[in-house]
Amino acid sequence: MIHPHTELKFISAEIGYGVFATQLIPAGTITWVKDPLDRELSPADIENLAPICRPLVETYTYRNNKGNYVLCWDIARYTNHSFRPNSMATAYGFEIAVSDIKPGEQLTNDYGFLNIIEPFRPSDEGTRRKTVYPDDLLKYHRQWDNTLKKAFLKIQRQEQVLRPLLSNDQWETILKIAGGECEPESIRNNYFDAQKNC
């Protein structure tokens with residue numbers, strides 16, 4: 001489930017829709033949690049879908065570290081890519097704001113987190129990276145881990161409206177990380193190695 005202080009807006013014919021903050025979402029706020037309504041589809045499930053459904057799955061899902069496709073039931077599926085994301089995936093089944101997301105600002109994540117199948121070249125943002133590759137989690141996980149660690153330290157300072165979607169074990173782990181008792185798991189743990197699973 002996406003943070004409730006968001007709304008869907010049309011951007012352009014080229015980009016389509018995006019998810020925008022309706023209120024300030026401070027850094028350290030959990031912005032999305034995989035919940036029981038999100039659908040997880042195996043590659044076999046995808047093959048059994050009617051052909052008309054497959055393009056929707058390819059457009060609106062991400063692959064988890066098991067190689068299954070996760071289809072978000074709400075507007076979270078419209079979150080767009082940025083090489084400077086303000087929200088990042090964690091190894092714990094949720095995303096977190098890594099910078100303050102101001103009212104009217106688009107929530108973005110880096111599609112390099114999502115185990116894409118084919119390289120993807122988004123609009124040029126003036127960054128060194130120009131293309132998202134299937135193995136970006138292997139290349140950039142240390143950099144992303146550092147960014148995430150800073151956001152984890154702010155979790156306790158923010159109102160966490162999505163807290164009820166986390167298990168008690170998840171929350172206890174989060175509090176230990178926020179309190180400096182342990183290091184967060186690396187985002188690299190989200191990587192799906194397609195070669196290894198052939």
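On a per residue basis, the chain carries 55 Å² of accessible surface, using protein heavy atoms and a 1.4 Å probe. Over the residues of the chain, the helix contribution to mean residue ellipticity at 222 nm works out to -6000 deg cm²/dmol, using -39500 (n - 2.57) for each DSSP H run of at least 4. For the chain, relative contact order (Cα pairs under 8 Å, six or more residues apart, normalised by length) works out to 25 percent.
Which of the three applies to the chain, rounded, prolate or oblate, going by the alpha-carbon gyration tensor with a ≥ b ≥ c and a/c under 1.5 meaning rounded? Cα axes put the chain in the rounded bin. Restricting the calculation to Cα atoms, every distinct pair contributes to the Kirkwood radius of segment 80-129, found to be 12.0 Å. For segment 1-103, applying the loop criterion from DSSP together with a ceiling of 15 other beta carbons within 10 Å to the chymotrypsin sites (Phe, Trp or Tyr not before Pro) yields Trp73. Would you mind telling me the share, in percent, of accessible area of segment 11-62 contributed by carbon and sulfur at probe 1.4 angstrom? That fraction is 58 percent.
Protein heavy-atom surface of segment 154-198, 1.4 angstrom probe: 41% of the accessible area is carbon and sulfur, with nucleic acids and ligands not counted.
Taking segment 1-111, how much of its Cα-Cα pair set, in percent, is spaced more than 21 angstrom apart? Taking all Cα-Cα pairs of segment 1-111, the fraction more than 21 Å apart is 36 percent. P(r) for segment 96-198, from all Cα pairs and a bin width of 5 Å, is 2, 10, 17, 20, 20, 15, 12, 5, 1 %, short bins first. In plain terms, the chain is cut at each of the GluC sites (Glu not before Pro) found in a DSSP loop with at most 16 other Cβ atoms within 10 Å, and the longest leftover piece is 15-104. Taking the DSSP bridge list for segment 57-118 and keeping only pairs wholly inside it, about 75 percent are antiparallel.
Pairs over the 21 Å Cα-Cα cut-off, from the set Lys149/Lys196; Lys34/Lys196; Lys102/Lys130; Lys34/Lys130; Lys66/Lys196; Lys176/Lys196: Lys149/Lys196; Lys34/Lys196; Lys102/Lys130; Lys34/Lys130; Lys176/Lys196.
Along segment 54-68 the Karplus relation, 6.51 cos²θ - 1.76 cosθ + 1.60 evaluated at θ = phi - 60°, assigns HN-Hα couplings of 4, x, 5, 5, 5, 7, 10, 10, 10, 9, 8, 6, 9, x, 8 Hz to successive residues, with x for each Gly and Pro.
For segment 19-73, the alpha-carbon coordinates run over 42, 23, 16 Å along the three principal axes, in decreasing order. Its relative contact order, with pairs defined as Cα atoms under 8 Å and 6+ residues apart, puts segment 2-96 at 33 percent.
The values are calculated or read from the model by the stated rules, or taken from the named source; none is laboratory data. A quick note: this is a predicted structure, and the numbers were derived from the prediction, not measured. No Cβ is skipped: glycine too gets one built from the backbone with ideal geometry, and neighbour counts run over all protein chains shown. Surface accessibility is based on the protein's heavy atoms, side chains included, excluding ligands, DNA and RNA. Shrake-Rupley method; radii C 1.70, N 1.55, O 1.52, S 1.80 Å.
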